[in-house]
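Heads up, the thing below is written out as structure tokens.
The values are calculated or read from the model by the stated rules, or taken from the named source; none is laboratory data. Not measured: the values here are computed from a predicted model. Here Cβ is always computed from backbone atoms with ideal geometry, including for glycine, and neighbour counts include all displayed protein chains. What goes into the accessible areas is simple: the full protein's heavy atoms, side chains included, and nothing from ligands, DNA or RNA. Shrake-Rupley method; radii C 1.70, N 1.55, O 1.52, S 1.80 Å.
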Amino acid sequence: MSTSEHPSTGTDRGGRLIDARLHLLDRQILDCDGVPVATVDDIELSGIESDGGGTSSAPRIEVILTGSTLMTRIFGGRLPRSHLHRITWDDIAEIGITLRLRVRSESLDATWPERWVRDQIISRIPGGRHAPD
């Protein structure tokens, strides 16, 4: 996504469309400070309902979904949608090789497992409360 691209429509002023498989799925998500947050596992769309006449508006991306899907990728199946974390499309600042967010990772539910491990396990290891020298 270029800086002129509007994230809510998925197009820029020149009419570029976003291919979800190519530009979004399995891409790394970085917060506004460049800290890795997660990867894109799925998306939620709106505007794909047809009025019965075969016409519908172009779909819009509403939410990016992320979660711990590693085990389902190894063993098959699907993670229940209730286990996926939601990042609203309005929080996306830029789409490139990675997706950049407008917000810090601490404000997202998607990073709670990492925060929990950091606070409950890593911080109890001697030297675990500060960055290495």
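Going by the structure shown, is ILE18 out of contact with any strand residue (DSSP E or B) (no Cβ under 6 Å at 6 or more places or on another chain), at pLDDT 75 or above and either surrounded by 16 or more Cβ atoms within 10 Å (Cβ to Cβ) or more than 28 Å from GLU114 (Cβ to Cβ) (or both)? When the stated conditions are applied, ILE18 passes them. Report yes if GLY10 is modelled with pLDDT under 75 and open to solvent by less than 40 Å² (accessible area, probe 1.4 Å), otherwise no. Against the criterion (modelled with pLDDT under 75 and open to solvent by less than 40 Å² (accessible area, probe 1.4 Å)), GLY10 qualifies.
Every condition in (1) in a helix (DSSP H, G or I); (2) modelled with pLDDT under 85 is met by HIS23 except one, and the failing one is (2).
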